[in-house]
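The values are calculated or read from the model by the stated rules, or taken from the named source; none is laboratory data. On a predicted model such as this, the values are computed, not experimentally measured, just so you know. Cβ coordinates were reconstructed from backbone atoms using ideal geometry, including for glycine residues, and neighbour counts include every protein chain displayed.
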């Protein structure tokens, strides 16, 4: 696979010592993550199951990147198709530990 075919920064991963086998694993996780982001209710998933799956992928990616597990550094949770949480505000708040939730969001709101 060429560097440009990866869904992540291949060069940075290599500089962190990620092996070829781990790179392939990362690619698989990113592909599955992007599938869930685009079709969160596919395969008969509920809103809550989609959220849990996205969080699980993010935890796995932190492990594969050799980063400390930290949900405050998750960056995909609000990118799920159909999420009503404010994108720009959550992007700006990334790594602060804060999540700005729209109470009417079908994925993160209080009506789950």
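What the table shows:
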| quantity | calculated |
| --- | --- |
| Those residues of segment 45-75 which are surrounded by 15 or more Cβ atoms within 10 Å (Cβ to Cβ) and in contact (Cβ under 8 Å) with a residue 60 or more places away in the chain, in sequence order | 47 |
| Hits in segment 74-102 (condition: touching a helix residue (DSSP H, G or I) at 6+ places or on another chain (Cβ under 7 Å) and modelled with pLDDT of 90 or more) | 74, 76, 77, 78, 79, 80, 81, 85, 87, 90, 99, 100 |
| Residue check, residue 37 over 23 Å from residue 85 (Cα atoms), touching a helix residue (DSSP H, G or I) at 6+ places or on another chain (Cβ under 7 Å) and touching a residue at least 12 places away in the same chain (Cβ under 8 Å) | no |
| Residue 5 being at pLDDT below 90 and either over 22 Å from residue 93 (Cβ atoms) or touching a strand residue (DSSP E or B) at 6+ places or on another chain (Cβ under 6 Å) (or both) | yes |
| Segment 12-57, residues that are over 15 Å from the mean Cα position of the chain (by Cα) and outside any helix (DSSP H, G or I) | 16, 17, 18, 19, 41, 45, 46 |
| Where a residue in segment 12-26 is closer than 13 Å to residue 63 by Cα and its partner, wherever it lies, is assigned to a loop (DSSP other than H, G, I, E, B), with Cβ under 6 Å and at least six apart | 16/66 |
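Residues checked against (1) part of a helix (DSSP H, G or I); (2) more than 15 Å from the chain's Cα centre (by Cα):
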site: 61; (1), (2): yes, no
site: 89; (1), (2): yes, yes
site: 99; (1), (2): no, no
site: 108; (1), (2): no, no
